[in-house]
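Just below is one structure, and these are the notes that go with it.
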Amino acid sequence: MHARTRLRTALAALTVLTATACGGPGTHTRADGTLSFTVAVVEPDLTTVPILAALDAVRDRGHQVDVVELAEPELAVEGLAKGQYAISAEATGPALSAIDQGAPIRIIADAVGNQWALYGRPGVSSCEDLGGRPFGIFSEGAVATAIAKDWVGAECGGERPRYLTIGGSDVRAQALASGEIDATPLELSDAVSLEASGASGFTKVVDFAESLPDLHPQTVYANADFLGEHREVAQEFVTALVREHARITADPRRLVDLAQTHLPAEERADVARVARRYSDAKLFDAAALTSRNVQGTIDFFARAGVIGQGMTAKDAADLGFVEEASS
């Protein structure tokens, strides 16, 4: 089922909720005036680590923050719409789809910049080399698939690639290395792993951060009632995230150290390689969102058919948090 269809089904099943003075059923004001609220993360990876560190900073100010791990961004978005979760961060598309359907959700910061690039086997350097060839994708509703098909639509004048659904970015990297596919979009961490595996001759066909500079596919979003009633706490979180991202960009060893706390199963050497690339590319910048690139992101997802036409940056985002954090 397409991601937009799954989300529409989930939202249609919701009971219309009236926000309470506590900012939703998942948020409570404690006797001492501090808050208790829940944040949803989706299959935590290195891009989630700065968010978890920022939540620690919020806890240091006396608030109780519970974190739940979910398998799909649609589940997080559904919980945000219900008010079960105050904040989440992952794929932007499902959040925009929910907003398009009237859900009380607003984008408040960037989670990580556009880290997707298209990699090909030796000899693949353009779309012309991919006509009829196996092209790995995760699913029809995945953001990487939308990005890749947008590029194919713009660049391929003749025969299109043959799309194969074969799993996540790490699985597709392995399929590329073994010759099962000729090209696939990869996240930065999996591209680094591919390079570290000893595989040689693979080409970066297109860097989507360069070809789609206004696309921000992974953002932080929140329940709008929580933002309206507990703006100070939301600001504490965004400010902490902006500062954490700045620290990591200045010294990628910061991400390595944080990963030891929040993702202890990750190998330190592997994290160090990826952290350096994140730092060099300046992919961590929570305050990178502007009215222009939020609108560019909206326009991309409208072009991809994830949302309808007509949404504006003001409909989707509250940029006051990153503006305040950067002042």
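Since every read-out is calculated from the coordinates, none of them should be taken as a lab result. Remember, predicted model here, so these are calculated numbers, not experimental data. Positions of Cβ are backbone-derived with ideal geometry, glycine not excepted, and every protein chain shown enters the neighbour counts.
Here are some notes:
- Amide proton proximity set for Gln64, modelled H, under 5 Å, gap of 5+: Leu35, Ser36, Phe37
- Glu128 paired with Arg276, simple spin-label distance in nm, labels 7 Å along Cα-to-beta-carbon: 3.6 nm
- Figure legend: label point modelled 7 angstrom from the Cα of His28 along Cα→Cβ; residues of the stretch 38-62 with amide N under 18 Å from it are 38-40, 59, 62.
- Placing dummy labels 7 Å off each Cα toward the beta-carbon, the span from Arg303 to Ala250 is 3.7 nm.
- Sparse-neighbour loop sites [GluC sites (Glu not before Pro); the stretch 229-327; at most 14 other C-beta within 10 Å; DSSP]: Glu267
- Lysine pairs in the chain with Cα atoms under 29 Å, if 8 or more residues apart or on separate chains: 6
- Comparing Ala173, Ala250, Ala287 in a Gaussian network model of the chain where C-alpha atoms under 10 Å apart are linked, the largest mean-square fluctuation is found at Ala250.
- Top of Thr29, Thr239, Thr38 by mean-square fluctuation, Gaussian network on the chain, Cα under 10 Å: Thr29
- The stretch between Ala269 and Asp56 holds 74.2 nm of extra length on full extension. This uses 0.36 nm per residue minus the Cα-Cα distance.
- Note on the stretch 195-222 and the stretch 277-293: Cα centroid distance 13 Å, given to the nearest whole angstrom.
- Here the spin labels are modelled as points 7 Å beyond Cα on the Cα-Cβ line, and at Ala199 and Ser291 they lie 4.4 nm apart.
- Extension gain for the segment Asp257 to Glu43, taken as residue separation times 0.36 nm less the Cα-Cα distance, is 75.1 nm to one decimal.
- Simple Cβ-charge dipole of the stretch 155-234, Lys/Arg +1 and Asp/Glu -1, about Cα centre, in debye nearest 20: 240 debye
- Multiplying the residue separation of Ser326 and Ser139 by 0.36 nm and subtracting their alpha-carbon distance yields 63.7 nm.
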